[in-house]
1. Just rank 203, 218, fewest to most, by other beta-carbon atoms within 10 angstrom.
2. Based on the inverse mean of 1/r over its pairs of different Cα atoms, what is the Kirkwood hydrodynamic radius of the range 2-85, in Å?
3. Can you tell me the relative contact order of the range 112-263? Whole percent, Cα pairs under 8 Å, sequence separation 6 or more.
4. Can you give the relative contact order of the range 71-182 as a percent, counting alpha carbon pairs under 8 Å and 6+ residues apart?
5. Going by how many other Cβ atoms sit within 10 Å of their own, how do 246, 37 line up, fewest first?
6. Per 0.36 nm of contour for each residue apart, how much would the distance between residue 214 and residue 103 grow if the chain were fully extended, relative to their Cα-Cα spacing?
7. If neighbour count is taken as other Cβ atoms inside 10 Å, put 50, 20 in order from fewest to most.
8. For an R0 of 41 angstrom, estimate the FRET efficiency from the Cβ-Cβ distance between residue 66 and residue 42 and round to the nearest 0.05.
């Protein structure tokens with residue numbers, strides 16, 4: 001394995017050839033060409049993963065021979081394994097290895113996404129608590145008024161869809177918070193628009209239900225506009241796993257790691 005100046009890991013195909021169970025470059029190069037086609041058909045840029053180069057090898061008595069070579073990154077190695085002759089034990093082993101690596105990567109990516117969602121959900125909870133305190137000091141008196149304020153915020157973000165309509169669309173139980181099923185993007189967008197609203201309410205010294213509601217609509221509409229400009233339509237996003245299920249799973253994991261010995265120390 002070698003590392004490029006940009007930090008990309010790559011392997012020389014001729015060095016990998018015997019590890020994949022091939023004895024001649026011609027036969028192994030055919031597999032590489034099939035892997036390139038798979039790469040192209042998957043919508044990837046072949047040159048990003050397969051680099052056709054030449055190398056010089058010694059042939060004895062000081063002579064040298066220039067031969068074709070292909071530099072393979074990790075994804076290219078995976079495609080070569082997938083397109084190799086599965087009856088070869090080396091190819092079968094490589095396929096098994098990359099299957100495990102792919103699964104590990106999927107699990108890692110899922111966990112990172114869960115971590116980010118938990119972080120953004122906690123942040124939104126904090127912002128919601130702050131804005132609740134602010135508007136109750138400036139004209140909102142009844143819980144129903146705050147509910148209307150929050151729904152105005154939701155409608156501005158989701159193109160007129162209310163909290164109730166979104167729950168029905170996304171098959172979320174009526175009693176559960178909509179945000180517990182939000183994507184990271186939605187959670188961050190809500191936090192941003194509410195934080196801007198809280199800041200502007202205080203700086204402009206706004207008071208009264210009408211002005212408070214108008215401010216949250218304006219800030220949330222601006223947030224929605226930014227999302228649309230980046231090709232993100234909030235009401236078309238799909239709901240994610242219930243945050244409460246993730247929290248429960250994390251707690252169970254922590255309990256297993258802690259075990260009886262740690263519990264005795266409490």
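1. So the ranking, lowest neighbour count to highest, is 203, 218.
2. 13.5
3. It comes to 32 percent, rounded to a whole number.
4. Numbers: 36 pairs, mean separation 12.7, N = 112.
Reported relative contact order: 11 percent.
5. Going from sparsest to densest Cβ surroundings: 37, 246.
6. Contour length minus Cα-Cα distance gives 35.2 nm.
7. The most exposed by this proxy come first: 20, 50.
8. With R0 = 41 Å, the Cβ-Cβ based efficiency is 0.85.
Values in this text are rule-based calculations from the coordinates and carry no lab data. This structure is a prediction, so every number in the text was calculated from the model and none was measured. Positions of Cβ are generated from backbone atoms using ideal geometry, with glycine treated the same way; all protein chains shown enter the neighbour counts.
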